[in-house]
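Some notes on the structure that comes next.
Values in this text are rule-based calculations from the coordinates and carry no lab data. None of the values given here were measured: they were computed from a predicted structure. In this analysis, Cβ positions are derived from the backbone assuming ideal geometry, glycine residues included, and neighbour counts consider all displayed protein chains.
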Amino acid sequence: MSREPKVTVEHLVKRFGELLVLDDISFDVAQGEFLCIVGPTGCGKTTFLNSLTGLYDVTSGSIKINGEAVDLKKHSLAYIFQEYSAMPWLTVEQNVRFGLSIKHASRKEQERQARKYMELVGLSQFKDYYPDQLSASMLQRVAIARAFATEPELLLMDEPYGQLDTELRYKLENELLELWKQSGTTVIFITHNIEEAVYLGQRILILSNKPTRIKKTLDNPLAVPRDIASPEFVALRNEVTELIKWWYAGSFLAGQPGFTTNRGGRPPLKCYLSSPNFSIRMSYWPSRMSILITASLRAPSAIIFLAMAVSMFLWI
Ligand SMILES: Nc1ncnc2c1ncn2[C@@H]1O[C@H](COP(=O)(O)OP(=O)(O)OP(=O)(O)O)[C@@H](O)[C@H]1O
Ligand SMILES: [Mg+2]
């Protein structure tokens, strides 16, 4: 792999009015590299990709491809969005051909590439299906096939597997690695999932909360395919976890309660904590009652803990 940077990000700042999102971000992505970016929700990961593709103007600083300002007419980029993005009025095959058709590839080329990539992602027999006849993983495969069919020099993926179950995710991750190895394309892959980042990335860039800076960049020397049970994999995963657990605690909100009490035969009280905005939710089931206390970061933490303590006292 050549070390000539494919992407160069220099002192990138992005504001939305008063809101400072990206605060002086600088990094390179090497030619052919698979870079994973992890960061707390709302820290500006999608904003970064949108700035890279020119959907957003940057406030200051620069993003370059091959040392030049990004030019979508010149540079071949593919972007797989956070939400499923198959066009509902097109069949699987037409969706896969779409990127090529807007690049005015010949009909033959479109057919050849569509056939190749539908085969690689296991969609050949569904080529005449419409998106509403497909499962979530099939929809993501359509997006992946469409992206690779254009043979992009840079592939941007924004939490593409966030809504899939673990088994499907592994399957698609392996397919993606295979395609990446075959194509030699440069990939920037955004994820919340630490295991996914360590499984896929040759390098992992960890972002802070807003105003967002790079907290740390870790090299991942483990050979692909990676064994998620190997001590080296587990050690690296733990290292990333250590670096992000200050914000990862917020994922309590995503499903698992922070802690549960079950006193005096009452229904269990579940407390959820969310670090990004310091929201504290306390609820018990089966009652419909739920107490929601949300305090902004600017509120003194003493008030938050006082509110929490009072709520706990009243309950217990
Ligand atoms: N077009 C916009 N106008 C104003 N504010 C925006 C705009 N796009 C994003 N933001 C703000 O910028 C911040 C970063 O948003 P962004 O969607 O980039 O976060 P993210 O890291 O991708 O989050 P998630 O992990 O939830 O996808 C948020 O506070 C968001 O409200
Ligand atoms: Mg996002």
Shape of region 1-95 from its Cα gyration tensor (a ≥ b ≥ c, root eigenvalues): rounded if a/c is under 1.5, otherwise prolate when a/b > b/c, or oblate? oblate
Non-local amide H neighbours of Lys6 (under 5 Å, H modeled in plane, Pro and chain starts lacking H): which ones? Val29, Ala30, Gln31
Packing-wise, with mean Cβ within 10 Å as the measure, how do 28-34, 213-219 rank, highest first? 28-34, 213-219
Peptide ranges 56-62, 229-235, 143-149 listed from the most packed, as the mean C-beta count within 10 angstrom indicates: 143-149, 56-62, 229-235
Gyration tensor on Cα atoms of region 5-244, a ≥ b ≥ c root eigenvalues, a/c under 1.5 rounded, else prolate if a/b beats b/c, else oblate, says oblate
Straight-line reach check, Lys73, cutoff 21 Å on alpha carbons, 8 or more apart in-chain or any other chain, hits among lysines -> Lys6, Lys64, Lys103
Nonlocal amide H pairs with Val21, under 5 Å, H built at 1.01 Å: Lys14, Arg15, Phe16
Just to verify a number: FRET efficiency for Ala223 and Ser183, C-beta to C-beta distance, R0 = 22 Å, to 0.05? 0.75
Given H placed on each backbone N at 1.01 Å, which residues far from Lys127 in sequence or on other chains put an amide H within less than 5 Å of it? none
In the neighborhood of Lys216, defined by Cβ-to-Cβ distances under 15 Å, what is the net charge if each Lys or Arg adds +1 and each Asp or Glu adds -1? +2
Computed ³J(HN,Hα) along region 96-112: with the Karplus parameters 6.51/-1.76/1.60, θ = phi - 60°, integer Hz and x for glycine or proline, the list is 5, 7, 3, x, 6, 5, 6, 8, 6, 5, 5, 4, 4, 4, 4, 5, 5
Burial ordering of Phe81, Phe48, Phe98, Phe16, fewest other beta-carbon atoms within 10 Å first: Phe16, Phe81, Phe98, Phe48
To the nearest 0.05, the calculated FRET efficiency linking Glu239 and Ser101 through their beta-carbon distance, R0 being 45 Å, is 0.50
Counting other Cβ atoms within 10 Å of each Cβ, which GluC sites (Glu not before Pro) in region 121-213 have at most 15 and sit in a DSSP loop? none
